[in-house]
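All remarks here apply to the structure that follows.
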């Protein structure tokens, strides 16, 4: 794990693009700006459309170990990748520790994303509890705040 503070992220995985869209709409209506949002999901036309709606562009596609071609966008990407391209090389499960999640949480997020889920993350401090409540209320499974960095 690197010593760089990437901020606190609140993460949830939606079952598909339609559920993710509803969750993102709720977040933006609650005042979370697009610059605070991130998305990671298997690449598809629907995902390209969602990232374009959220950010004004389709984001990028990256080959992620264990997931294949993934469409992603937002501040979580830099935090997970780092200079060593950890997300690409080691996968989502191993990279989640960089933003305060336990490795077993990373395996859950990777498994759900592999099954077609859409990971939505919010760079959420100081409104982490608000982001968590919205993610959970709108179907974001396994929603949690990455809070373990530096506590082990």
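Annotations for the structure displayed:
- Selection count where residues are part of a helix (DSSP H, G or I) and either touching a residue at least 40 places away in the same chain (Cβ under 8 Å) or in contact with a strand residue (DSSP E or B) (Cβ under 7 Å, 6 or more places away or on another chain) (or both), scope the range 108-119: 6
- Considering the conditions (1) farther than 22 Å from residue 18 by Cα; (2) modelled with pLDDT of 90 or more; (3) buried (at least 18 other Cβ atoms within 10 Å of the Cβ), residue 138 is excluded by exactly one of them, (1).
- Just so you know, in the range 83-107 the residues that are free of Cβ contacts under 8 Å to residues at least 40 places away in the same chain, in contact with a strand residue (DSSP E or B) (Cβ under 8 Å, 6 or more places away or on another chain) and under 17 Å from residue 65 (Cβ atoms) include one that is surrounded by the fewest Cβ atoms within 10 Å (Cβ to Cβ), and it is 88.
- When residue 104 is tested against the conditions (1) closer than 19 Å to residue 139 by Cβ; (2) in a helix (DSSP H, G or I), the lone failure is (1).
- Only a single criterion out of (1) at pLDDT 90 or above; (2) within 18 Å of residue 36 (Cβ to Cβ); (3) outside any helix (DSSP H, G or I) is not satisfied by residue 129, namely (3).
Conditions (1) surrounded by fewer than 19 Cβ atoms within 10 Å (Cβ to Cβ); (2) at negative phi; (3) in contact with a strand residue (DSSP E or B) (Cβ under 9 Å, 6 or more places away or on another chain); (4) part of a strand (DSSP E or B), marked per residue:
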position	(1), (2), (3), (4)
10	no, yes, yes, yes
39	no, yes, yes, yes
50	no, yes, yes, no
61	yes, yes, yes, yes
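- Each residue in the range 73-82 was checked for being in contact (Cβ under 8 Å) with a residue 60 or more places away in the chain and part of a helix (DSSP H, G or I), and 4 of them qualify.
- Boolean, residue 70 is surrounded by 21 or more Cβ atoms within 10 Å (Cβ to Cβ), over 21 Å from residue 125 (Cα atoms), over 13 Å from the mean Cα position of the chain (by Cα) and free of Cβ contacts under 8 Å to residues at least 60 places away in the same chain: no
The values are calculated or read from the model by the stated rules, or taken from the named source; none is laboratory data. As the structure is a prediction and not an experimental result, all values here were calculated from the model. Note that each Cβ is placed from the backbone with ideal geometry, even for glycine, and that neighbours are counted across all protein chains shown.
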